[in-house]
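Novice: So that we are looking at the same thing, I have put the structure below in structure tokens.
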Amino acid sequence: MATIIDGKKVAAEVLSECSEEIAELKSRGITPGLAVVLVGEDPASQVYVNSKVRKCAELGIHSEKIILSKQTTQEEVLETVARLNADPAIHGILVQSPPPPQIDEEAIVRAIDPAKDVDGFHPENVAKLALEDPTGFVPCTPAGCMRLLEAVGVETAGAEAVVVGRSMIVGKPMALLLMARGSDATVTVAHSRTKNLAEVCRRADIIVAAVGIPEFIRADFVKAGATVIDVGINRVEDQSTKRGYRLCGDVAYDEVSEKAGAITPVPGGVGPMTIALLMKNTIKAARAIG
Ligand code: NDP
């Protein structure tokens, strides 16, 4: 039976480091500030935005929640970003994904001051990650996955790592982090055109699943003893629950946990890490901007 990697516990450790850093910054007259912009009424996005704002309040980070209607124009979002770029009380800006179809998300991300891009999606920060320049912002979810691997003492140097998924939010930055000097894994990135995926995954000492398909990674994809990081958050219909759905990952947890050496649960694995690393990035921005 696999060791369950407790994301809530590791996230609590990260948040406790954040509290210390915030106290130190406040003693120098700096209160970190995060602005979260939500365009439209996507229910999952509302949940994410509210939990980010709540976490800021718990830690004593100043936050501003900006809700724009689903008819908002590109110009109005750009104006909001420009205002936040110029606001000295705001050190981090994020625009919750996905926006409504009339919004060009890439153009919005490019408009955010890279020094305030705490999601790490601006091209300047993407480049810094590829260049292994530590002054950049690393996207929160893959940064959280790396922290989980570290917390459970998984050796990445020389390990075979397979990342399933190549999105700019998770898969690609995850691969860059695993292959970076210091992590030193041998990385394979798989995607929807990969042939013999189960065979590719079976080579892995570390599998990171970021596919967006419920329970996609089955036990026969996993080498005995491998570490499995499940990034997926999927809503699956379940009439036996009050909400009518349950959350599940991209990994078939029950069968894979019989075979893996260590595994993250969903919920309670990668999810809490993402928000903790967002707080860390906001503090980093506040420290740099002052
Ligand atoms: P995307 O949809 O952007 O990317 C999914 C990736 O999976 C793509 O690269 C796609 O390949 C690949 N893929 C799809 N089908 C297959 C297949 N049959 N075989 C192999 N690869 C496949 O998703 P994200 O990266 O944004 O998110 C992935 C998951 O992680 C989602 O469940 C999401 O909800 C969750 N997530 C969780 C977060 C957290 O905080 N825990 C944060 C962000 C995301 P191709 O490129 O060829 O299309």
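The values are calculated or read from the model by the stated rules, or taken from the named source; none is laboratory data. These numbers come from a predicted model, not from an experiment. Positions of Cβ are backbone-derived with ideal geometry, glycine not excepted, and every protein chain shown enters the neighbour counts. Remember, those area values only see protein heavy atoms, side chains included, never the ligands or the DNA or RNA. Shrake-Rupley method; radii C 1.70, N 1.55, O 1.52, S 1.80 Å.
Novice: Over the chain, average the accessible area per residue using a 1.4 Å probe and give it in Å², no decimals.
Specialist: 46
Novice: Magnitude of the Cβ-charge dipole of the stretch 98-245, K/R +1 and D/E -1, about the Cα centre, nearest 20 debye?
Specialist: My answer is approximately 340 debye.
Novice: Between 0 and 90 degrees, rounded to the nearest ten: what's the tilt of helix 43-59 against the longest Cα principal axis of the chain?
Specialist: Long axis of 43-59 versus the principal axis of the chain: about 70 degrees.
Novice: Ignoring ligands, DNA and RNA, please state the percent of accessible area on the stretch 1-128 from carbon and sulfur, probe 1.4 Å.
Specialist: Looking at the stretch 1-128 in its full context, I get 55 percent from C and S.
Novice: Moving to a separate point now. Report, in debye and to the nearest 20, how large the dipole of the stretch 1-89 comes out about its Cα centre when Lys and Arg carry +1 and Asp and Glu carry -1 on their Cβ.
Specialist: 200
Novice: I've got another one for you. Could you point to the residue in Ala143, Tyr245, Ile93 farthest towards the positive end of the chain's charge dipole, with +1 and -1 charges on the Cβ of Lys/Arg and Asp/Glu respectively?
Specialist: Of the listed residues, the answer is Tyr245.
Novice: Follow-up question, since we're still on this one. State the percent of C-alpha pairs, over all pairs in the stretch 231-290, separated by a distance greater than 14 angstrom.
Specialist: That tail contains 67 percent of the Cα-Cα pairs.
Novice: So if I take the centroid of the Cα atoms in the stretch 128-169 and the same for the stretch 255-288, what is the distance between those two points in Å?
Specialist: When both Cα centres are located, 11 Å separates them.
Novice: If you don't mind, another one. Rounded to the nearest 20 debye, what is the charge dipole size of the chain about its Cα centre when +1 sits on each Lys and Arg Cβ and -1 on each Asp and Glu Cβ?
Specialist: 180
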